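First the structure, then my questions, so here it is.
The values are calculated or read from the model by the stated rules, or taken from the named source; none is laboratory data. Quick caveat, the model's predicted, so the values are computed rather than measured. No Cβ is skipped: glycine too gets one built from the backbone with ideal geometry, and neighbour counts run over all protein chains shown.
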Amino acid sequence: MSKVESKAVVKEKDYPLSHVPKEARTGLIAVTGVLIGFTFFTPTMAAGARLGAAFPFSELVWILLAGSAILGVYVATICAIGAKTGLTSVLLARYTLGSVGAKWADIILGGTQVLWYAITAEYMGILFARGLGLPGWEIFFMVFWSIIMGATALYGFKSMAIVSYVALPLMVALVVIVTWLAFQEVGSMEALFGVKPTATMSVTVAITVIVGTFASGGTQAANWARFAKDGKTAFIAGLLAFLFGNGIMVFSGMVGGFAFQTGDLIELMITMGLTFWALIILTLNIWTTNNATAYAFGVAGAEMFNKSTKGPFVIGGVIIATIVAVAGIGLYFIPLLNLFGTFIPPLGGVIIGDYLFTYKKNLPMLDYVKFKKLRFSPLIAYLIGCAAAYFGGVFEVGVPSLQGILIATFAVPVINAVMKAANFNDMHEVKEDAKYV
């Protein structure tokens, strides 16, 4: 490592290419705060609003419970592995897929986070232009907020925690207000159950959309959960954030969309007379999420190019995201969520399967491993999981995201056994004096 890179590591203290040491670990409140700040994400409410216009309310409740449970348990497991090993998701992918195979994880995880950043930057531009009555200023506000939010991501986990502490109480207030006004609009619980949907969407797509809201971010939750003091703490933090936090956001948008019959959250806020508070609260809310989003594509870039600082990749990702935002990425919001919910969870599935069944929860530390370029067993398991999720969605069989995770996870030991029977060595070379985490 060069002197310049060494100084960068000391300055960042975020360990993008190493295990987080015990002295840098923190407790449940800080980790949960960052993760909930990540999930308290306004476009998640927008996804809920679109679901709210497509189903009867009684059906929506079960769809929300199913999608949130899948996402919550899946992400909590990723969090526990991240805390136990002290590694980011893309470094875990290096063990699972190999040094070259992990580049695919860098591309789909880092790339999808760049797209998420673009979606939120575009959202901010439209929100401020519409809220302040300045038509034609959308691009200015997109660029302005994209730069401001990207700057704070350079300061890492601690700055993310501080912004989350400020934003969370305000976001909780917004969720409560939106839900309360929605109930007032329809008049009663009985009336809410009687509202007729005005749009169409299949149940499998709806559940996949809920999982897709944080399929990419959730798969990368190890990036922040690795700072937890132990696996149990990280699991609880992940479950609280992605089962309850994300579920509450979807529910709030869903109820609002259901009552006012619009999937456009900005229009919904203006209709409810919440423009001023929307500008204040949603800005802080999106800021917490984009901090984490930029952080995620920063560490993905660091792994991809084997650099010890994430800063240049945060800056590069923000530039790309800003261009994509100006180009109008928001038009493809729901299709993107469907793609994320189909092809990303199987990656987390193979990471989980490899950790549980191949390494048996005992991972050799980075410095003691000579990584193969590509491991075929997890790669094949990933492709099988993707096929299960994709064709499940096409033919509306089962719950695509869930079967993608489960099939990918349990395909790992099966294919490993086949490889061993064929005398094919698919494992990395580990030094005899290796230390394990």
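With over 23 Å from the mean Cα position of the chain (by Cα), surrounded by fewer than 18 Cβ atoms within 10 Å (Cβ to Cβ), at pLDDT 75 or above and farther than 29 Å from Leu339 by Cβ as the only criterion, which of Phe183, Phe193 stands out? Let's see the steps before the verdict.
Working: Phe193 fails: at pLDDT 75 or above.
Unique residue meeting the criteria: Phe183.
Could you check, for the stretch 374-392, whether at least one of its residues is farther than 26 Å from Tyr95 by Cα, without any contact (Cβ under 8 Å) to a residue 24 or more places away in the chain and not small (Gly, Ala, Ser)?
Within the stretch 374-392 (the criterion being farther than 26 Å from Tyr95 by Cα, without any contact (Cβ under 8 Å) to a residue 24 or more places away in the chain and not small (Gly, Ala, Ser)), the answer is yes, since at least one residue qualifies.
Would you mind stating whether Val20 is under 25 Å from Gly353 (Cα atoms) and assigned to a helix (DSSP H, G or I)?
For Val20, the condition - under 25 Å from Gly353 (Cα atoms) and assigned to a helix (DSSP H, G or I) - is not met.
Do you know which of the residues in the stretch 86-113 that are surrounded by fewer than 24 Cβ atoms within 10 Å (Cβ to Cβ) and of a type in the set (Val, Ile, Thr) is farthest from Phe214 (Cα to Cα)?
Val100
Could I ask something else about it? Under the condition of being in contact with a helix residue (DSSP H, G or I) (Cβ under 8 Å, 6 or more places away or on another chain) and either among the hydroxyl-bearing types (Ser, Thr, Tyr) or in a loop (DSSP other than H, G, I, E, B) (or both), which residue from the stretch 395-416 is surrounded by the most Cβ atoms within 10 Å (Cβ to Cβ)?
The residue in question is Ser401.
Still on this structure, I have one more. Which one of these is among the β-branched types (Val, Ile, Thr) and more than 23 Å from Tyr74 (Cα to Cα): Val414, Val437, Val430, Val397?
Val430
Can you name the number of the only condition in (1) more than 15 Å from Gly218 (Cβ to Cβ); (2) out of contact with any helix residue (DSSP H, G or I) (no Cβ under 6 Å at 6 or more places or on another chain); (3) at pLDDT below 95 that Ile108 fails?
Single failed check for Ile108: (1).
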